[in-house]
Structures are given as structure tokens and as C-alpha cells.
1. Residues in the stretch B:178-196 that are surrounded by fewer than 16 Cβ atoms within 10 Å (Cβ to Cβ) and either at pLDDT below 95 or among the charged types (D, E, K, R) (or both): how many?
2. Condition check: open to solvent by 40 Å² or more (accessible area, probe 1.4 Å) and within 43 Å of the chain's Cα centre (by Cα). Does A:Pro236 satisfy that?
3. Could you please let me know if A:Ser342 is within 22 Å of A:Tyr219 (Cα to Cα) and among the polar types (S, T, N, Q)?
4. Please determine whether any residue of the stretch A:181-193 is among the aromatic types (Phe, Trp, Tyr) and facing chain B (nearest Cβ under 9 Å).
5. Determine whether the stretch A:85-96 contains at least one residue that is more than 20 Å from A:Phe207 (Cα to Cα) and either assigned to a loop (DSSP other than H, G, I, E, B) or over 47 Å from the mean Cα position of the chain (by Cα) (or both).
6. Residues being in a strand (DSSP E or B) and either over 30 Å from A:Phe407 (Cα atoms) or at pLDDT 85 or above (or both): count how many of those fall in the stretch A:572-604.
Amino acid sequence: MVWACTTEKPGATFGTEGKFFWTRPTDTLPVAATEFIDTRFPSGVHAIANRPSFAPLNGDGISRLYMAGAWDDNLAFTEHYRLVRQGIIAPLQNIVNAAGGGLSVGVQLVAPTGSGVTGEAIPYLSWWDDLHARRSPLSAAGPTISATADAFKWDNLPTSHPSDITPTHLEGWRAMNGQSPRLAWRRQLGVLEVTEEIATLALGEAFPDVVEKFPRCRYNVMWHDRQVLAGDDRYPDRVYFSLLNQPEMYGGLYIRTRRGERVTALAVVRDNLIVFTPFSCYIVTGYTEDDLSMRILEPGIGCISHHGISLIHGYAFVPTHLGIYLFTGSTFHFLSRDFQTSWRSSYFFNQDKFEDSFAANDIAENVYRLHAPGGGTGSDWILDYDPVLQEVGGEFGAPDLSWDQQFSSETQSYGSLSVPSGRRVDLYSGGADGIIRQENYINLDTGATDDDGNLYSSTWEVPFFYPGGSPGGNRNDGWKFETLWVHMLSENTDWFMTCRFGESGATIAWPSVTDFPNGLPVERSAKVIETEVEDEVCESHIQLRTSQPQAIHFFEPNQSGRGMTITFRTDNAGDGVSWFTAWSGWGCTFSPGTADRKEVVSCQT
Amino acid sequence: MPPANKPNVIPREGGSRNFRTEMGGLEWHGSMPDGDPSTVPQGRLIRGINIRFRRGRVVPRKGQRRLNETFIHAATAKVRGIVDFQVGTRRSLYVTGTGCPNLSLSSGFYLGYADQDLESFFAPLVYYDFGTQGLVMGRFAGSLYLGQDNNVRKLQLVDAPFGKPPLAQSGSAQDVPLYTFTGFTKISAMTEDDFSGYLFMGVDNGAASKITVHDGLTFIDDLTGIRPPTCFFKWRDKLIAGFAAVADHIRIRDEGNAPGTWTTVAPAGSDTINAIAGVSYRDDGYLIDGTTENVWKYSGTTLNPTHALPATALLKDICVFDGYLFVAYTIGTTPNARIARYDGVTNTWVDVHKDLTAQDPLVTDIGTLEGYRDSLWAGLVKGGTGTQAYSPQYTTSGTWTVRAGLSLTNISRSMVY
């Protein structure tokens, strides 16, 4: 397979300039920019500053990537690595029963060379794309021509499509005696005149259906052997369906949302088509026009971004105005109970970014990544879905939330890609600098986890620990935190921590112990613990140390306060430098502080 | 997870207490940014930035590396969509030639492919290290058929696993031998005609050659007692067969069951036609001459030379790509490998549309020409060995990518299937 990407930038004077590239990747990165093939757009197609929607299809001998949203027409990238418009505009020529001329194609009766044709004939034309096996709709019907043992002479035939280079042939059709149009001839473009006398019962295939091009839409998916599109800016409440097994052909079938809500996203989950609006969603089932039905799935759960939906282990993670939901194909489960206020606050202040958000299933890290601001300085909401996955017979757990910060260039897109002949999928991101980057990079030789000059820190802050009780004194001398140990695998990597002792609250001055570079030597931590080997708890540490001796780092802060918290930080050291830490917890010993206080009666307030 | 704090606080002697959350205690889970931080239970973070969870542990987020070192489109271009394009039904450019890359320069014949969808973009697939007459190809009913000497073989396509070369995977014999034309020297041409639903084969036995068809079950002689066809191509709803100069004509077959009706069309003028390849372009049949510089045109009524390439040009192949007609030829003592282009809309010939030898002086021959995906593709001889080259997409007069020689004699035929 090859990889494809779309780019956009401001036009030279105004508007947007867009391109479509494909490249043939290998495991050897980087790929030279010249290996990205700037693919020719169909004539007259212009890029617009929207995100593209992709819907792939592999049929019998054809492979198409149907695309919508980022151009002023719906496009397809084909198995011949060509960009074509979805659908071919029908011949515009007027068919007359006379000699053709100007914009008119003539169809006249002439003397036959054989027995000729008898009957009432209505002629039509169509375009045929031989490379992609695509056909345009029929032209407008010609006049009824009464033939009596005659031949038909078609003249002044068009030799090229006015706006599409893909048609290679012109086709002539005749509807005989009120029947459906049937193919009379197909000739390569360039032919000016065709004379034929195909007997009525010897005509070729019947024209399948009355079809037309789809309206330009924003979103598309493949569902039940149809292409489904939505986001028609003229009729935003419509969902359009192609003909069955003819994904480019629109036969007029569409459904509307019940209350006229505009469609904001489409998704296919467990064989169901889900139509999202800003605050509600519908489920569409069925296969043919006879059994297609749409019913309200959730009247109060919608979706804010089509591109933010990601399928994970068969479930859809859906960004909504309430938070992130998991959709199983039949029911929604709220995943955001622990961060719904933060989500809504971030959405409130960054509406444009949330409604243009996009997501990826980062299978290397077991996370759902949604590119939208959050967490103060974060650019992506990261939901580790490991706890979400059901245990056997169990329920869905809450995902583990964190945030990623933006690297040097703001991420514009995600794509999960595998190299030709390969099956492993890696996550890539598109930047705002014309660069595509592989995520989750690790150099197996050096241990380095970045090769793009990104200097960033990983930080995490643990909850406040309040021993509880009422030890008396002021808020800073309630308890004395004597010793502190941290379990951090940190081979060859510096890490830092900031300890704060006291109460929560921004207005309170915190005595702090900051920046223990890489903790203290492992030997010291081991030594101290060994001296306390009689302590039952410390025995546990010794067991731990036995299996992972570098995990334990020991400190003696001897700071007082009613509680304490720690913020950990580790800095990526740059290109080619090994970076690895793994933190699994912390512990401390504490005793009554310096002021007079009562006996502890509880270990928790 | 355990409730907040309580299970982890353990009294110690002397009033000191011990608190622990480390291994054996809690598994750490995600951030709880909402509400009062003091209510966040142990085992949950107040906030995590650029981290990942590993079954209760916290590790840093990994970084990135570039797919493209320098920008595409522009330094300010936003990459707004990334997708991999999975091609379901394989569509490769199949080639044949003499020898086999890395095995033999001149002995036997190979069938190879070029395909961007596969890990080896260009690789030999099958090597027949025997035989004397070369290979011809034809697709029929969803399979690739080979004419190897006087044998008809149906290729059994075997894709190599990731990281392995196809020839090592199989390669010496991955076909079903279907039929041997005893008494005939070789199969000279092969094509599918979907109007009639047959695989057409020209079978060479000098003046007693024939055209035989295969319908998937049986072999039927369609026309006997003729000179061997040198090429087939579809034109309108008919099939045209080209012949060498000794026949000095072409034959045209209407669709229908075998044996069919073939009409002989001789040149209208005094020129002799020695057809070696042909193609339909803008509703006319075009053939190239293996002896003269003539490109022939059959309009449906007459067969005439329509254009003469420069004197001493030796025509090699003809194809249609991107709305144009292309003719590959060599010329001169070097010789130069060139491509001519005909625009049927403006009726304009450009004899030296592309001179591959001018671009790369080591190129001395061009054996085949084919439109494949978005490029025009050529089989060349470079530095004495066969290789491939392809145009910069539709800019066929631009600077081509010419690959290094492949340790084989040539690439002589090609087809997309």
C-alpha cells in the first residue's frame, strides 16, 4: 500500500491552496520530500480549509479511497493512483433529430446496410471511463425517432469531456418502444460519427438507474456496500446514500434528521450506521431502500467532531459536548465522570478547536488521543483505555486521563499506517510545517525516544497526603515528614521531584524541597532501608529492592506540615539520548510535628 | 483501588507512622482534574502531562521522528489528513525479459513485477531457467497466463511475506501447465478479448501457424494456416492481429464464438507492414512497424502509414497514457532510446518527446513502454543490463527516474494486471 496525505496553506493572495500527495514508504525513514508525489487534481477542483474525510472501499478489482470535505467536490483516489471526481457529469449536448452542429448531437435515420431497426427510439449519450470502469449519468433524452427498417446515424459527437479528463469513451443508448435505455455502442473519444443498426433485442445492457453526482459533503463512510455522505452545507440535515454496490452513484436516496438538526458526524459501529448531530444521535439499520430505517438512539448525546471519533476494540470513543462517551453499538457509556467539568470548561474556552478536533487510536500506547486543548497546557486529551476494556463478564472502567503537550509544530492530523506488505500499524501525525512524524518513536539501539529535536518534560502530581487527625499547631507543623522514598526505575535518566508540605490552596505559602536530581544514590537508599529491616513495612521494600534494586530512592526531608504532595518531572534529554523512567509510587514516614498536639486518633481526616 | 489513604497508613513505634503507595500497594491511574485536589484519592493523579500508564506505573510519553526530513508543499503547509491506501485486488506492472536478476544475465527468462503496494517495488517473480523462445503474457478470467515456448501456463500468484524476496519464496515454478502445442515452436502473442470471452493465442509454426482460443475449459483453433501473429489488440468491439512483413496485412475479428470470422486488411498503398505492436487510440488502430520508421493507422476502412519517425529509427513499443499515444524507439549508433508522443486532439507528433539517453548516456535501448498508475514506465538497457525507468507522473518529458542495471539482459514486454 501507499500512504496519502492532504495539505493546505493560505493561497498566494487569498483563499486556500491544497495538495494531495502519495508516497511509497519503507521502514527506512526519513523519506525524501521528492518521494511524495504531488498528485494532479481533476480539472477545476479547489481545496478548501477543511479537514478531509476518508472512506476506503475495496471491491472486485477496484480499490478506492473516497474523500469528502477538503475540496469543493467529492473526490476519489483510485487503484491507479489518480485523483478523480466522484461521479462524472453527464454529456451536456442537446440531441436533435437532424444533422448535428454546434452543441447539438444529431441522430438521423439513414439507409441500413442490413435489415435495419423498426420502432420508436429515444437516444441518449453517456461518458465512460475505461480505466476505472465508471460511467456518467445519461444525457438529456433526445427526441423520439420513429424508425422503419432504418439505421441510426449519430454525428457531431463530442470528442472530450468539458471538465473531466477521466472519460475515455462515449456511449450511445437507445430506449426502444418505451423500454429502458440500452447500450447501442461505445467508442473511444475522438470518434465524430457513428452509424449503427443494432436490432432492438440485440442491444446491450440496460442503463441501471437514474443517477447523478452527490452534492459536495463534509463527511463520508462506507456502510452496507454504500457510500454514505453528510455535511451538505445546503442541506445539513441530510444523509445521502449511494446506490448499492455503486458508491459513487447517487440515486436520490437520502434521509433527514427528525428535528432538522445538522449532521456533525457519521460512524459505523458494529454494522450500524450512527448519525450524530450536535446534541443527539440516530441509528440507521437496514440494507436496501425497502428496509432502511432511522430511529433516535440518544436524544441528548451528540458529537462535536466527526474526526474525533475513533474505533477502539470495536467500540467508538465519541467526543460530545458533555465529555467523551464510549459507544458499544447499542448503548453509550460516559467515560468522563472524573473530568467532565474540565472538559466542558476547555470546550467553552476553545470551541473552535474542539469542534475541529481529531483523534487516533494509538495502539502502541493503548490510548485514545484527541487533539483539543486541556489540562492547562495540554494539546491532546489522552485516555488510556486499558481500564476501559472489559474483563471477562465485567464492566467498563474509567479511562486513565492525562494530557500531551504540543511539540514544536502543532499537530494537524493523525493517521495509522503500515508499510507495504506489512501488517504492523504505527501512528503518524501531520504538522503545520509540512512534516509528517512518526509517534511513539524509540530507537532500539540507543534507547532514545525522540529524533526530532523535541525537548519536553513529563510531569505528574500525586494527590495530597493528609495523615489526618488533629495534631494541633499551625497548618505547617501538624506532622513532621521524616523520610521519603520513591520507586522510580530511572537507569541513565535524571528525574526531579518537588515536595510540598502543608495544606492545599494556592494562597498558602508552602515550605518545599525541590529538585532532587536523580534522587540520591541507590546505595544510600538501600543502606537506609536495610537498617530498618526489623520494620515489617520496610521488609516489603527490601523485597522490592531485591527484584529491582534501582527502583528505590530514599530521602530525608524532615519537613513539617499538615500534609504533603509531590510533583515529579523527567526531561527528555534530546536526540539520540536514552530516556527511561518508570514510576510506581512513593512512601514516607511521619510523626507528630513540632507543636504540642494531642494523640492521633485517626489516620484520616 | 483501595480507599483514600486509610489502608496505607501504618502505625510505627514511637508515634511515627508509615505511609506507602508504591509497588504492592496501589496501581496508579489517571488524572482527576475536577474539584478540590485534596479530595483526589491516592492512586489517582491530580494531573499528568506527557505521561503514559503501564499497568499502574507512570512512564514518559515517547517522542517523534520525521517521516519526511524536509517539508512537503510548503513550510507553512498543514498536513490535514493522513491515510494509508489499501489496494485490495493486486494491480502490478508485470514484465518479462531475458535472464534473471542476480541469477543469470542471459540464460532463461524471467517474469517480474513492479508494484508500489509491495515491499519490493521491483522484483523477479518466476524464473524459467530453460527454454529458448522467451515469455509472452496475457490476462484471462482473473488470472495471468504465460506462453513459455510452446507451453501455456497459468500463473499461481504467490506473494512473498514481509521482508522476503519473492523469488526465494517460490519462483522456480509457480504455475499450472495447461497445454503444449506440440509441433509448434512458440506462442507468439497472447491477449484476452472480453467481447468474445476468450484468451487468444498466436501459435508459431511458420507458414502453418494458427490462432487458438481458450475459454477456460477447452482450446479451440480459431484460424489456421496463417503466419504467426506478432501482436493482438482490441479495437472497438473487435480484435486486431498484426503480422510480420511476409504476411503484409493485419486481420480483424468480429466478436463471437470460435471459430470466428477474420477479415484481412492489407495496406492501401505500396508500403509493406511489419507489425510488432498495436493499440487503439481515439477510435483508430495504431501499429508500429518493426522494419521501417512507420507508425500505421487503421481507421476502420484503410490501413496506411500515418507518421514516419526519423530515419533509421527502430520502433520498439507503443502505448496510450494520459490521453496521448507514445512510441518507444531507438535511433543512431549509440543508440539513443527515445519516446515520441502523438496528441490526437491537436493531431501533433513530437518525435523526440523524451530522449532517455540524453538524460542518462548509459541508456542504450528501450524494450517496452507502458502506462502504469500515474507514470509512463519503460524497460531499458542501461550499461549493458536491463533496468526500469519511469516518468515524473504525467510530465512524461521531464526527468525520469532511471534505476541501476539489474543484472539481466533486458526487459522486453510489459503489461498491467
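The values are calculated or read from the model by the stated rules, or taken from the named source; none is laboratory data. Values in this document were obtained by computation on a predicted structure and should not be read as measured data. No Cβ is skipped: glycine too gets one built from the backbone with ideal geometry, and neighbour counts run over all protein chains shown. Please note that ligands, DNA and RNA were not included when accessible areas were found on the heavy atoms of the full protein model with its side chains. Shrake-Rupley method; radii C 1.70, N 1.55, O 1.52, S 1.80 Å.
1. 2
2. yes
3. no
4. Yes, the conditions are met somewhere in the stretch A:181-193.
5. yes
6. Summing the residues that are in a strand (DSSP E or B) and either over 30 Å from A:Phe407 (Cα atoms) or at pLDDT 85 or above (or both) in the stretch A:572-604 gives 11.
Rundown of residues vs (1) in a loop (DSSP other than H, G, I, E, B); (2) among the polar types (S, T, N, Q), yes/no style:
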{"residue": "A:Thr341", "(1), (2)": "no, yes"}
{"residue": "A:Pro387", "(1), (2)": "yes, no"}
{"residue": "A:Glu391", "(1), (2)": "yes, no"}
{"residue": "A:Glu395", "(1), (2)": "yes, no"}
{"residue": "A:Ser408", "(1), (2)": "yes, yes"}
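One line per residue, one yes/no per condition, for (1) of a type outside the set (Phe, Trp, Tyr); (2) under 21 Å from B:Gln148 (Cβ atoms); (3) surrounded by fewer than 20 Cβ atoms within 10 Å (Cβ to Cβ):
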site: B:Asp204; (1), (2), (3): yes, yes, no
site: B:Lys234; (1), (2), (3): yes, no, yes
site: B:Ile240; (1), (2), (3): yes, no, no
site: B:Glu255; (1), (2), (3): yes, no, yes
site: B:Ala266; (1), (2), (3): yes, no, yes
